[in-house]
Amino acid sequence: MKSKARNKPRRSRPARSETLQQPAESGKIRVLIADDHVTVLEGLAAIIGRQPDMMVVAQAADGREAVSLWQEHRPAVTMLDLRMPVVDGIGAITEIRRQDASARIIVLTTYDTDNDIYRAIKAGAQGYLLKDAPREELLDCIRRVSAGATVIPPVLMAKLAAGISNEALSARELGVLAMLARGRSNKEIGTDLYISETTVKAHLRSIFTKLNVLSRTEAISVASRRGLVQL
């Protein structure tokens, strides 16, 4: 009888590492990162992965992949660039927030125009940082956004406030401004938009007033700096 008892198979138990790992990871901030530059992705993954309270659950190379991976992993925080192929950052933010209005998103980009900041915040981003931000500022932003805060550095907030305080250009004025930036003459702008030269000149006067400029060159410069046109 004793021999049979010794030969009785033991009930299998999970490995000790498995039982300890799950509780540790369950309390971490799960982060999805998206950027079309591999070096940026690898750098962010390394920085975030070294934090005891964070983990990278997925990495995306474009906005469409970011949305797909967000649907799969439902991270606590999504960090993405504005300029990405297939679907850009604004498109990705809009789609993610359409599926979950409580999704927490941080924009990490090189673009700091008031228009870029405004579009990102309007789409639903709770954080906006530049890629040259110090590492501790980046990590602090992830933690604060994860906790429900909105994080925009004071210098960027000032740009956003300045842009909002200026009278907005109409869709038609933005169209005229875009063609102006491409070097089109008043006559060419009128022909392309099916309006008279007189109407074009009226739009330009309004644009100059709203941008507080005196010339076409200055208007293009200010518009580019604010992110209203891309040269």
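A few comments on the model shown:
- Qualifying residues in the range 62-84 (those that are among the aliphatic types (A, V, I, L, M) and more than 9 Å from Ile33 (Cα to Cα)) - the one nearest to the chain's Cα centre (by Cα): Leu82
- Residues that are of a type in the set (Val, Ile, Thr) and either surrounded by fewer than 18 Cβ atoms within 10 Å (Cβ to Cβ) or in the same structural domain as Leu211 (by TED's automatic domain parsing) (or both) do occur in the range 42-54.
- Test for Ile96: is it among the hydrophobic types (A, V, I, L, M, F, W, C), crowded, with 17+ Cβ neighbours inside 10 Å, in contact (Cβ under 8 Å) with a residue 24 or more places away in the chain and touching a helix residue (DSSP H, G or I) at 6+ places or on another chain (Cβ under 9 Å): yes
- Of all the numbered requirements in (1) farther than 29 Å from Ile33 by Cβ; (2) surrounded by fewer than 16 Cβ atoms within 10 Å (Cβ to Cβ), Leu177 misses one, and that requirement is (2).
- Sole residue being surrounded by 20 or more Cβ atoms within 10 Å (Cβ to Cβ) and either aliphatic (A, V, I, L, M) or free of Cβ contacts under 8 Å to residues at least 24 places away in the same chain (or both), chosen from Val86, Val67: Val67
- Test: residue in the range 106-114 that is surrounded by fewer than 16 Cβ atoms within 10 Å (Cβ to Cβ), closer than 18 Å to His37 by Cα and in contact with a helix residue (DSSP H, G or I) (Cβ under 6 Å, 6 or more places away or on another chain): no
The values are calculated or read from the model by the stated rules, or taken from the named source; none is laboratory data. Being a predicted model, the structure only gives us computed values, none of them experimental. As a convention, Cβ positions derive from the backbone with ideal geometry for all residues, glycine included, and neighbour counts pool all protein chains shown.
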